[in-house]
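Presented below is the structure to which this report refers.
Each reported figure results from applying straightforward, stated rules to the coordinates on display, with no laboratory input. Given the structure is predicted, the values throughout are model-derived calculations rather than measurements. Cβ placement follows ideal geometry from the backbone for every residue including glycine, while neighbour counts extend to all protein chains displayed.
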Amino acid sequence: MSFENALKDVMEALGSSFDNKTLENNQAAYKKLQEIYKEHPEHFLNVIESAYHDFNTLVEKVINIPPSEDQYIIEHIISGLYKHFHTQRIEKLEGSTCCYDKSSYIEGMTLKSLKTKRNLSLYADYQNVERIKENKERQAYWSPKSVKDTDEAMRLFWDWYQLQD
């Protein structure tokens, strides 16, 4: 058996294990969703979409983002699309090293920006990291080089999402 085939088998086994664990841990929800689907298969995805919208509304209220023209990005943060966009973009522009850490930092700073209604720099260094003793002024590994601030991060996302140049 080749390494690639062995790796594929392991990944499939892990995926199957996660699927089974998800079903085990959510039996009541699974059964309810099954009932809804059996009763109205033609409307099932509409019901899920409506529930997802309601869920997003609840999360937005919990996060407590004040009204602004940028608040509508929250649904994309909740769904993971915002972080996914930045992860993919950073991977292409800066390489794959720490691209997820950088996109997570962008996401966190964007939430902070939305709460404070301020544009925040995405440049970070090691000044507040005690375990780093030398070169504390160098750019931190989680700080993206290809996005300067939260306004730019949101603009880049919207330009991509709305297919603008």
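Couple of notes before you dig in:
- About the centre of its Cα atoms, the stretch 55-155 shows a dipole size close to 140 debye [charges on the beta carbon of Lys, Arg (+1) and Asp, Glu (-1) only; nearest 20 debye].
- Straight-distance crosslink candidates among lysines, where the alpha carbon sits under 17 Å from residue 21 and sequence neighbours closer than 8 are dropped: 31
- Legend: residue pairs 92/112; 92/117; 61/148; 61/112; 115/148, Cα-Cα distance threshold 21 Å; pairs beyond threshold, 92/112; 92/117; 61/148.
- Restricting the calculation to Cα atoms, the chain shows an Rg/Rh of 1.07 when the hydrodynamic-style radius is the Kirkwood one.
- Range of Cα positions in the stretch 67-161 per principal axis (Å), largest first: 41, 29, 19
- Nearby aspartates and glutamates by direct alpha-carbon distance to residue 136 (threshold 14 angstrom, same-chain neighbours under 8 apart not counted): 125
- Euclidean distance of C-alpha centroids, the stretch 33-110 and the stretch 128-165, integer Å: 19
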